1. Determine which single condition Ala229 fails, assuming it passes every other condition in (1) closer than 17 Å to Glu49 by Cβ; (2) at pLDDT below 95.
2. Of Gly199, Gly220, which residue is farther than 20 Å from Ile33 by Cα, free of Cβ contacts under 8 Å to residues at least 24 places away in the same chain and either small (Gly, Ala, Ser) or crowded, with 19+ Cβ neighbours inside 10 Å (or both)?
3. Looking at this structure, is Val137 assigned to a helix (DSSP H, G or I) and at pLDDT 95 or above?
4. If the Cβ limit is 6 Å and pairs must be 6+ apart or interchain, which residue in the stretch 115-134 that is within 25 Å of Gln196 (Cβ to Cβ) pairs with which residue that is loosely packed, with under 13 Cβ neighbours inside 10 Å and of a type outside the set (A, V, I, L, M)?
5. Under 8 Å between Cβ atoms, at least 6 apart or on separate chains: pull out the pairs that start in the stretch 65-91 with a residue that is over 21 Å from Ile115 (Cβ atoms) and end on any residue that is outside any helix (DSSP H, G or I) and of a type outside the set (Lys, Arg).
6. Restricting to the stretch 91-129, give me the number of residues that are farther than 29 Å from Arg52 by Cβ and of a type in the set (Gly, Ala, Ser).
7. Considering the stretch 40-86 alone, what residues qualify as being of a type in the set (Gly, Ala, Ser) and farther than 30 Å from Trp105 by Cβ?
Amino acid sequence: MRAAGITNLRAALATASGFVVAAKTGAAFANGIGYSEPGQIGFQQPVTEVARDIQFFHNAILMPIITLISLFVLALLAYVVWKFNDKANPVPTKTTHNTLLEVAWTVIPVMILVIIAAYSFPLLTKELVIPNADVTVKVTGAQWHWSYAYPKDQGDFSFDSYLKDEKDIKPEAGDIRLLSVDNEAVVPVNKIVRLQITGADVIHSFIIQSFGVRVDAVPGRLNETWFKAEREGVYYGQCSKICGKDHAFMPIVFRVVSDEKYQAWLADSKKKFASAPSPTSLAATGPALSAQ
């Protein structure tokens with residue numbers, strides 16, 4: 001019953017959002033797929049179940065609650081200014097307690113938090129409980145690039161990924177200034193990808209909005225997350241920690257392809273990156289590590 005209700009609510013919100021977007025002609029209301037478009041307002045289009053749930057939680061649960069609370073507080077302040085100013089009430093009231101009011105301002109916030117918890121706890125569980133993976137990729141953040149390592153069952157190779165120089169950017173080939181890299185990480189579509197993330201020097205933050213993924217890359221610690229991309233394409237992210245002078249120049253790029261193209265890429269990459277040492281050791285694909 002509850003799941004059906006949530007599904008119906010999502011469908012209604014999606015329909016309403018479609019009408020709103022269709023009614024707007026400005027580029028500010030266009031949602032990018034894989035990266036943010038100039039002037040965009042709102043999230044990138046989600047391509048994973050987790051990303052859709054995150055956006056639903058934000059748009060359908062948090063924003064209405066935040067908006068109603070803000071409007072209520074604004075109205076309350078306006079009423080207090082109008083009703084209880086010195087001119088209207090030269091003699092202040094001696095009222096010190098109001099049992100009903102005190103119960104209300106205790107119970108109502110608790111009820112709001114319970115509603116938020118009812119949606120946020122299942123979402124957190126979905127993000128943190130990693131299913132058995134089809135592909136495992138080790139990601140290491142360094143000043144200022146990302147390194148990717150694929151385990152033995154995927155070819156046993158690793159490579160570094162650096163921002164492309166301005167002179168190498170080719171818009172006709174799909175390159176995007178300040179986002180495209182020399183070596184993209186590649187994963188298959190509709191497969192569960194487990195990411196093991198760490199840092200080599202300082203704390204970085206790995207984030208790809210369209211996947212609904214954000215994890216800190218901490219030196220000496222192995223964090224894990226996962227995603228299952230449902231659409232082929234190129235998806236971009238950026239380090240969201242201020243990790244040094246080139247913090248803004250270490251983008252993350254994942255290319256999602258069909259299984260056939262992925263197998264072909266593995267074969268080519270195994271030869272191309274055969275001599276590159278792995279930045280960190282990596283477990284083979286299998287059950288996720290248990291939480292410590």
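1. The failed condition is (2).
2. Values: Gly199 fails: free of Cβ contacts under 8 Å to residues at least 24 places away in the same chain.
One residue alone meets the criteria, Gly220.
3. Values: assigned to a helix (DSSP H, G or I): no; at pLDDT 95 or above: yes.
Against the criterion (assigned to a helix (DSSP H, G or I) and at pLDDT 95 or above), Val137 does not qualify.
4. Asn132/Pro287
5. Correct list of pairs: Trp82/Ala88; Lys83/Asn89.
6. Counting residues in the stretch 91-129 that are farther than 29 Å from Arg52 by Cβ and of a type in the set (Gly, Ala, Ser) gives 1.
7. Initially, the stretch 40-86 is screened for residues of a type in the set (Gly, Ala, Ser), giving 42, 51, 60, 70, 75, 78.
Matches in the stretch 40-86: Gly42, Ala51.
One line per residue, one yes/no per condition, for (1) out of contact with any strand residue (DSSP E or B) (no Cβ under 7 Å at 6 or more places or on another chain); (2) surrounded by 11 or more Cβ atoms within 10 Å (Cβ to Cβ); (3) not in a helix (DSSP H, G or I):
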| residue | (1), (2), (3) |
| --- | --- |
| Asp53 | yes, yes, no |
| Ala60 | yes, yes, no |
| Ala75 | yes, no, no |
| Asn85 | yes, no, yes |
| Glu102 | yes, no, no |
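The values are calculated or read from the model by the stated rules, or taken from the named source; none is laboratory data. None of these values were measured; they are calculated from a predicted model. Note that each Cβ is placed from the backbone with ideal geometry, even for glycine, and that neighbours are counted across all protein chains shown.
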